[in-house]
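Starting off with a structure, shown below.
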């Protein structure tokens, strides 16, 4: 029976006279409410019996079973189907008692929390967990100033956490986890100085973690995981020296682990997995000698894992993955003698697997070293292994080939294997055996499949996880196997690698069904999907050489339900095509605007002879870690591959031969007609192609005419790969049109066309808006909004002898610095982009920063900025920017990352603050480099002397110092020591909000 919660509260209030406590003597009960109840309950003459029966009446009305004995209801004893009240009595008299505890956990209470509960002002404990309560948490609970425990976990509560809970100064435990609470965490919770336990995990909380939580000096457990929290970690959390559990995983946190965390030496459990934290993993973690669990997988950490961590003898779980720009080996000695679970996935581990792992770490029963560069053989003592995608060689030890063991040895270079015969488990009487090669598939076997072609194909359609069906006018192949590898000879195959961590993967989970359909003509494609815990790869075999369009279909069919809290889960994974990452941190629910909703996207892929098409989905540890367990990896509904070329086989029919003969006779006339017709067709395409500008549509022909057919008189600049023209349109509307030099190779043309499609989706107030593009044959155009004022370089360095109205005041300069940072942060990190990739601008300088009429800074010349490939950062970007803005790694041949843009940003900030170009040429003198001057003044403690003299005293001291110090951090010679753009934005936003606008022009 589901019990209305308001009934229980009402009856409680009747028992305790609205919170004043119930008083009883030999023959009377005070209070008109109890008297009224006494009148209604005729025949009850003994007050003690009345109270007992009233409580029994309450229990019966709640639909709960009566206690097995006639014990006092004022007892801390309880069972799974009872409501327990605990009473406290006045020490000076025995006839004055109050209800001090209400425990109603797991009794299927339904409805909203009645605000009259706050009338029980003597309550010290409320436990309403594991029920079906919904609605908001009443603000009236602020009256319960004696409350020490408030547990509302595992309900359906929504809305904001009331800031008034910060008034409950006696509170020691606040448990609100596993609800649907949203909005930000109230800073007022920092007033709860007696708090030892704060559980807010498993909700929909957003915004930053309030620094006020650093005031909770008695806190031992802080759970904020599985929310939507963002921003950087407040350094004030380092004040919590008594903290034993800090769980922050599965959020959107950015920045570095603060240095102040060095004080958290009492930690037993630290989890920051599934965020966007960056920088190096702090070595001080190795000093947390009490640590038993450390989860740092699924971030953007760089460098190696500090060797000292391998000496934490009490550590039982260590989860690390996806370290960037690193290459390191296991230490010679490792003392993780208590380790149970060890995951070092995709960390660029090199060398061999040390013997001490199997010989000395006796507690180890789960080892995942997959997606590394490990070489050598497998130690004989190891089993329960995930070693997929390494460079291991030699024989596979027979001892690890156990049916009940976790095992994945695929994609290595084993030279031989011991055949392992397995009887078919579905038929106990069967004599049929299977021969297992645990080292397959590998790239040798995949390439062999790609060469076994009896015919070539020019398309491919797969209904992932589903039966054969027709959709979009094409027949889709069935894909219903639950094996980790399956192939259709001569056509396609899939491979599923990896395993979930805390729960063995069930092969039945590999095929998932949708609970609710989608309202699309291709609905059949979304009824099923294929799931894989870590790495799912589809191969297309025997495709003709050429360019193809790959269409991927997605729908979130697992994280959908309120009842099991699965809709609080976040699925995030990457998509690679032909080894190149096309989507980073794809969140299906975000893209499709909800669960059980379809979303699809297209990419261009080039297929060469004898090599398969490879479509790879990879979970890099982002998003949910265990919600629900084992179902966090890639999920795809369907795949289609169609040609971007003419599929005719080239044979000529009799009519075609006759046509050619006639054509030869009339060649001159035919040639004239062909040229005339093609011109009409071309003009027709230009007339039909529409570009949206200021809520009006213009044809491509109008835009070309606006440039006077790309007249040199309309030229306004030259970008990286072409000339920029001004286009004058009707109603005084102006555009900037970049005509790109035509690529020479067909592959380059296909990539350019795909790139234009991706970049049109970029939209941010600090990017010059790419309004549209055109790419066909030898004409390739990028069409941008037109910026009247022009470049930052012009405003800073070419206005010196004009009137002051055109010069930039301090407020404008600070806002420009902030705007540039926001634009770069959008390209580098932010999730509002529909294409989940990092984009390296590669050419940040004062010429490529344009200003609109309000002096808002907008990045330009990013139309063909490079999509950053973290797997191959050395070839991702070629040195193409202005040399005085280029990061030193360009010249040193080091890996180029988004941190190269950070360096250029630092140079531009110094120029904006100083009003000087990085190289000022003075006749008959050496070039005076701005960076050298800044470094010298910084060392001398005279940093403010760098501020532009034209400003006089009309600038803000604090803002100027913040910008200058940030600039010096940005131009650090080491890329890993430069801040991320999200950190820059956060610091500038904070300093801007803290400075009154009236003082923005005064020192």
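The values are calculated or read from the model by the stated rules, or taken from the named source; none is laboratory data. The shown structure was predicted, so the numbers you read here are calculated from the model rather than taken from an experiment. In this analysis, Cβ positions are derived from the backbone assuming ideal geometry, glycine residues included, and neighbour counts consider all displayed protein chains.
Take the residues in the stretch 390-418 that are in contact with a helix residue (DSSP H, G or I) (Cβ under 9 Å, 6 or more places away or on another chain) and modelled with pLDDT of 85 or more, then tell me which one is nearest to residue 441 (Cα to Cα).
Out of the qualifying residues, it is 411.
Another question, if that's okay. For the stretch 125-146, indicate whether the set of residues that are closer than 19 Å to residue 224 by Cβ and either within 30 Å of the chain's Cα centre (by Cα) or surrounded by 17 or more Cβ atoms within 10 Å (Cβ to Cβ) (or both) is non-empty. Can you show your working first?
Filtering the stretch 125-146 for residues closer than 19 Å to residue 224 by Cβ gives 129, 137.
This time we only want the ones that are either within 30 Å of the chain's Cα centre (by Cα) or surrounded by 17 or more Cβ atoms within 10 Å (Cβ to Cβ) (or both), so: 129, 137.
Yes, the stretch 125-146 contains a residue that is closer than 19 Å to residue 224 by Cβ and either within 30 Å of the chain's Cα centre (by Cα) or surrounded by 17 or more Cβ atoms within 10 Å (Cβ to Cβ) (or both).
Has the stretch 334-348 got at least one residue that is part of a strand (DSSP E or B), closer than 23 Å to residue 216 by Cα and touching a strand residue (DSSP E or B) at 6+ places or on another chain (Cβ under 6 Å)?
Filtering the stretch 334-348 for residues part of a strand (DSSP E or B) gives 341-345.
If we keep only those that are closer than 23 Å to residue 216 by Cα too, we end up with none.
Among the residues of the stretch 334-348, not one is part of a strand (DSSP E or B), closer than 23 Å to residue 216 by Cα and touching a strand residue (DSSP E or B) at 6+ places or on another chain (Cβ under 6 Å), which makes the answer no.
If we scan the stretch 723-733, do we find a residue that is under 34 Å from the mean Cα position of the chain (by Cα) and modelled with pLDDT of 75 or more?
From the stretch 723-733, those under 34 Å from the mean Cα position of the chain (by Cα) are none; that's our starting set.
Looking through the stretch 723-733, none of the residues is under 34 Å from the mean Cα position of the chain (by Cα) and modelled with pLDDT of 75 or more.
Could you tell me whether residue 976 is at pLDDT 75 or above and in contact with a strand residue (DSSP E or B) (Cβ under 8 Å, 6 or more places away or on another chain)?
yes
Given 219, 174, 237, 198, which one is in a loop (DSSP other than H, G, I, E, B) and either more than 22 Å from residue 291 (Cβ to Cβ) or modelled with pLDDT of 95 or more (or both)? Spell out the reasoning first.
On the way: 174 fails: in a loop (DSSP other than H, G, I, E, B); 237 fails: in a loop (DSSP other than H, G, I, E, B); 198 fails: in a loop (DSSP other than H, G, I, E, B).
The match here is 219.
Return yes or no: is residue 330 in contact with a strand residue (DSSP E or B) (Cβ under 7 Å, 6 or more places away or on another chain), assigned to a loop (DSSP other than H, G, I, E, B) and surrounded by 17 or more Cβ atoms within 10 Å (Cβ to Cβ)? Outline the logic, then answer.
On the way: in contact with a strand residue (DSSP E or B) (Cβ under 7 Å, 6 or more places away or on another chain): yes; assigned to a loop (DSSP other than H, G, I, E, B): yes; surrounded by 17 or more Cβ atoms within 10 Å (Cβ to Cβ): yes.
Yes: the conditions hold for residue 330.
Being at negative phi, surrounded by fewer than 23 Cβ atoms within 10 Å (Cβ to Cβ), outside any helix (DSSP H, G or I) and at pLDDT 90 or above is the requirement here; does residue 521 meet it?
Spelling it out, it is not the case that residue 521 is at negative phi, surrounded by fewer than 23 Cβ atoms within 10 Å (Cβ to Cβ), outside any helix (DSSP H, G or I) and at pLDDT 90 or above.
Return yes or no: is residue 966 crowded, with 19+ Cβ neighbours inside 10 Å and under 39 Å from the mean Cα position of the chain (by Cα)?
Values: crowded, with 19+ Cβ neighbours inside 10 Å: yes; under 39 Å from the mean Cα position of the chain (by Cα): yes.
Yes: the conditions hold for residue 966.
I'd like to verify a number: residues in the stretch 559-575 that are touching a helix residue (DSSP H, G or I) at 6+ places or on another chain (Cβ under 7 Å) and closer than 8 Å to residue 623 by Cβ, how many? Please lay out each step first, then the result.
Filtering the stretch 559-575 down to residues touching a helix residue (DSSP H, G or I) at 6+ places or on another chain (Cβ under 7 Å) leaves 559-561, 571.
This time we only want the ones that are closer than 8 Å to residue 623 by Cβ, so: 571.
Total meeting the criteria: 1.
I need a count of the residues in the stretch 734-780 that are in contact with a strand residue (DSSP E or B) (Cβ under 7 Å, 6 or more places away or on another chain), surrounded by fewer than 18 Cβ atoms within 10 Å (Cβ to Cβ) and at pLDDT 75 or above.
2
Tell me the residue from 277, 270, 229 that is under 16 Å from residue 210 (Cβ atoms) and surrounded by 21 or more Cβ atoms within 10 Å (Cβ to Cβ), please. If you could, list the steps in order and put the result at the bottom.
On the way: 277 fails: under 16 Å from residue 210 (Cβ atoms); 270 fails: under 16 Å from residue 210 (Cβ atoms).
Only one candidate passes the filter, namely 229.
With 951, 988, 944 as the choices, which residue is surrounded by 21 or more Cβ atoms within 10 Å (Cβ to Cβ) and at negative phi? It would help to see each step written out before you state the result.
On the way: 951 fails: surrounded by 21 or more Cβ atoms within 10 Å (Cβ to Cβ); 944 fails: surrounded by 21 or more Cβ atoms within 10 Å (Cβ to Cβ).
None of the others qualify; the one that does is 988.
In addition: Taking the condition surrounded by fewer than 22 Cβ atoms within 10 Å (Cβ to Cβ) and assigned to a loop (DSSP other than H, G, I, E, B), does residue 567 pass?
Details: surrounded by fewer than 22 Cβ atoms within 10 Å (Cβ to Cβ): yes; assigned to a loop (DSSP other than H, G, I, E, B): no.
No.
Further question on the same structure: Can you tell me how many residues within the stretch 485-499 are within 19 Å of residue 634 (Cα to Cα) and not in a strand (DSSP E or B)?
Number of matching residues: 2.
Is one or more of the residues making up the stretch 209-222 touching a strand residue (DSSP E or B) at 6+ places or on another chain (Cβ under 8 Å), surrounded by 23 or more Cβ atoms within 10 Å (Cβ to Cβ) and within 22 Å of residue 136 (Cα to Cα)?
Checking the stretch 209-222: at least one residue is touching a strand residue (DSSP E or B) at 6+ places or on another chain (Cβ under 8 Å), surrounded by 23 or more Cβ atoms within 10 Å (Cβ to Cβ) and within 22 Å of residue 136 (Cα to Cα).
Could you check how many residues of the stretch 166-183 are touching a strand residue (DSSP E or B) at 6+ places or on another chain (Cβ under 7 Å) and more than 14 Å from residue 227 (Cβ to Cβ)?
Residues that pass the stated criteria total 5.
Taking the criterion of being part of a loop (DSSP other than H, G, I, E, B), in contact with a helix residue (DSSP H, G or I) (Cβ under 7 Å, 6 or more places away or on another chain), within 20 Å of residue 103 (Cβ to Cβ) and touching a residue at least 60 places away in the same chain (Cβ under 8 Å), would at least one residue in the stretch 144-158 satisfy it?
no
Another question, if that's okay. What do you reckon, is residue 381 modelled with pLDDT of 70 or more, surrounded by fewer than 18 Cβ atoms within 10 Å (Cβ to Cβ) and either assigned by TED's automatic domain parsing to the domain that holds residue 324 or in a strand (DSSP E or B) (or both)?
Numbers: modelled with pLDDT of 70 or more: no; surrounded by fewer than 18 Cβ atoms within 10 Å (Cβ to Cβ): yes; either assigned by TED's automatic domain parsing to the domain that holds residue 324 or in a strand (DSSP E or B) (or both): yes.
No: the conditions fail for residue 381.
Yes or no, residue by residue, for (1) crowded, with 22+ Cβ neighbours inside 10 Å; (2) assigned by TED's automatic domain parsing to the domain that holds residue 550; (3) part of a helix (DSSP H, G or I):
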| residue | (1), (2), (3) |
| --- | --- |
| 591 | no, yes, yes |
| 594 | no, yes, no |
| 601 | no, yes, no |
| 606 | no, yes, no |
| 611 | no, yes, no |
| 615 | yes, yes, no |
| 621 | yes, yes, no |
| 625 | yes, yes, no |
